[in-house]
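Some notes on the structure that comes next.
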Amino acid sequence: MNYEQAKELLEKYGQTQLLKYYDELNDSQKESLLKQISEIDFGLLNYIKDGDSHSEKGVITPLDDAVSIEDIEKNKERYTAIGVDAIKNGKVAALLLAGGMGTRLGSDQPKGMYNIGESGDLFIFEVLIHNLLDVVHQTGVWVPLYIMTSERNNDDTVNFFKEKNYFGYDPDYVEFFVQEMAPAATFDGKIYLEAKDRVSTSPNGNGGWFISFVKAGLCEKAKAQGVEYINIFAVDNVCQRIADPCFVGAMIDGGYCSASKVVSKKNPEEKVGVLCLEDGRPSIVEYYELTEDMRYETKDDGELAYKYGVILNYLFTIEALEKNLKNNLSVHVVKKKIPYLDENGNTVKPETENGYKFETLVLDMIHMMDNCLAYEVIREKEFAPIKNKTGVDSVETAKELLKLNGVKL
Ligand code: UTP
């Protein structure tokens, strides 16, 4: 794209502010800026006026069915044997979502490089790899591991894994791929510049994983290798079990095309997305989407009707993903603090939210699935997300739980 074409395009969308500093740039900066402009998905800006498309929910009802901790305990051996068999036959892969910015944690590095060690180094990535290695030791085979990064953190992440010898994992079974970016805009829909030669962009949300996985050629590769099930997991839950044979076995045993690990909510007000039905199909609703009545509703046995919170650990069959993800995922318009260039061309890091980012979320994929198994895990054993430095869901709380589970920090 040349300057004239870029100008014409930006005029069409009312975004000529992106060329404000063009004349001050050198040739390679100009080229880079024009390329960025050519890659912008201007359609995303429509979601500002249309509102958050995820707010149009259908009729929400409680889940009919779930496998509870007690059910799992009863069937543990059978489920585990089925899962181990699938893993041994190369049918199961794991996919780490590590493209996020981790802004709440406030580290400039990828979240997985955060060191939670006390007597020595112990990095978040390292803990996750150790968790997956448990399954490798249990089954005797390497589980293919895909790691999604973003252009912001890819080099740091890849170099870190190399430098640390993949924490003992076999590099032949690890593949990195980079997710796509989306622009960030003012509340009026004007895309920000973050530098004179750089459009403000951020990773397009963790729902972007499947499209990027396909584009990177990894979906075809996985299928060619015989992978049928993918376990999607977040970078920040250091206690979670990954490619958990019992979880895999329960899903296969029940003939489900997707499954979600869930925990019982601590209380009706807990701010966690819950697994439920929406127009009879599986769905996840955010805590603020449940009405007051629904939050406190109970079933005949006295348990909360909307009891199961999700922990961002899902299983999908590749077949169901390919079949059902033809429709676009909802775009969430999220208020964020976005660094920008002020009138004088100086970078400002705002203290308060000053604009929107656009994200798709993996949790919306559940509603596109024909069914989803709710698989309950013990919160104290499997849920220790690190979102903040201190307080709720923090480095502090996660360390406590790791220690309780016998991990030496
Ligand atoms: P979060 O919702 O906690 O977002 O991501 P975040 O960007 O890591 O953190 P904050 O909100 O800025 O503090 C949940 C999971 O989804 C991944 C994250 O890396 C984490 O594993 N994620 C998030 C992506 O892979 N890509 C994204 O665009 C966003």
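A short reminder: the numbers here are calculations on the coordinates, not readings from a lab. This structure is a prediction, so every number in the text was calculated from the model and none was measured. We place every Cβ from the backbone using ideal geometry, glycine too, and count neighbours over all the protein chains shown.
When restricted to residues that are within 16 Å of the ligand (Cβ to nearest atom) and touching a residue at least 24 places away in the same chain (Cβ under 8 Å), the range 155-164 contains 4.
Of all residues in the range 165-189, those satisfying the criterion of being part of a loop (DSSP other than H, G, I, E, B), of a type outside the set (Gly, Ala, Ser) and either surrounded by fewer than 18 Cβ atoms within 10 Å (Cβ to Cβ) or within 16 Å of the ligand (Cβ to nearest atom) (or both) are Asp170, Gln179, Glu180, Thr186, Phe187, Asp188. Restricting the range 348-364 to residues that are without any contact (Cβ under 8 Å) to a residue 60 or more places away in the chain and either within 15 Å of the ligand (Cβ to nearest atom) or small (Gly, Ala, Ser) (or both), the residue that is surrounded by the fewest Cβ atoms within 10 Å (Cβ to Cβ) is Lys349.
Condition test on Asn267, is it more than 23 Å from the chain's Cα centre (by Cα), of a type outside the set (Ser, Thr, Tyr) and within 30 Å of Glu376 (Cβ to Cβ)?
Details: more than 23 Å from the chain's Cα centre (by Cα): yes; of a type outside the set (Ser, Thr, Tyr): yes; within 30 Å of Glu376 (Cβ to Cβ): yes.
Yes: the conditions hold for Asn267.
Specify the residue that is farthest from the ligand (Cβ to nearest atom); the eligible residues are those in the range 214-253 that are of a type in the set (Asp, Glu) and touching a residue at least 12 places away in the same chain (Cβ under 8 Å).
Residue satisfying both the conditions and the ranking: Asp253.
Out of Leu329, Leu325, one residue alone is out of contact with any Cys (no Cβ under 8 Å at 6 or more places or on another chain), within 16 Å of the ligand (Cβ to nearest atom) and not hydroxyl-bearing (Ser, Thr, Tyr). It is Leu329.
Restricting attention to the range 93-116, the residues that are over 30 Å from Gln225 (Cβ atoms) and either crowded, with 20+ Cβ neighbours inside 10 Å or more than 8 Å from the ligand (Cβ to nearest atom) (or both) total 8.
Rundown of residues vs (1) farther than 30 Å from Lys164 by Cβ; (2) out of contact with any helix residue (DSSP H, G or I) (no Cβ under 8 Å at 6 or more places or on another chain), yes/no style:
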| residue | (1), (2) |
| --- | --- |
| Asn2 | yes, no |
| Glu56 | yes, yes |
| Arg78 | yes, no |
| Gly99 | no, no |
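How about the range 190-216: which of its residues are part of a strand (DSSP E or B) and within 17 Å of the chain's Cα centre (by Cα)?
Ser202, Pro203
Checking each residue in the range 289-344 for being over 21 Å from Lys271 (Cα atoms) and in a strand (DSSP E or B) picks out Leu315, Phe316, Thr317, Tyr340, Leu341.
Which residue is nearest to Lys261 (Cα to Cα), if the candidates are limited to the range 365-409 and must be basic (Lys, Arg) and within 13 Å of the ligand (Cβ to nearest atom)? Here the answer is Lys387.
If you go through the range 244-251 one residue at a time, do you hit one that is assigned to a helix (DSSP H, G or I) and β-branched (Val, Ile, Thr)? Yes: the range 244-251 contains one or more residues that are assigned to a helix (DSSP H, G or I) and β-branched (Val, Ile, Thr).
Within the option set Ser200, Ser258, being away from the ligand (no atom under 14 Å from the Cβ), among the polar types (S, T, N, Q) and within 30 Å of Phe42 (Cβ to Cβ) holds for one residue only, Ser200. Among the helices (runs of 4 or more DSSP H) confined to the range 1-70, the ones with at least 1 residues that are aromatic (Phe, Trp, Tyr) are located at 3-13, 46-50. Among the residues of the range 365-391, the one identified as free of Cβ contacts under 8 Å to residues at least 40 places away in the same chain and β-branched (Val, Ile, Thr) is Thr390.
Only residues that are surrounded by fewer than 22 Cβ atoms within 10 Å (Cβ to Cβ) and within 16 Å of the ligand (Cβ to nearest atom) were counted across the range 133-154, and they come to 3.
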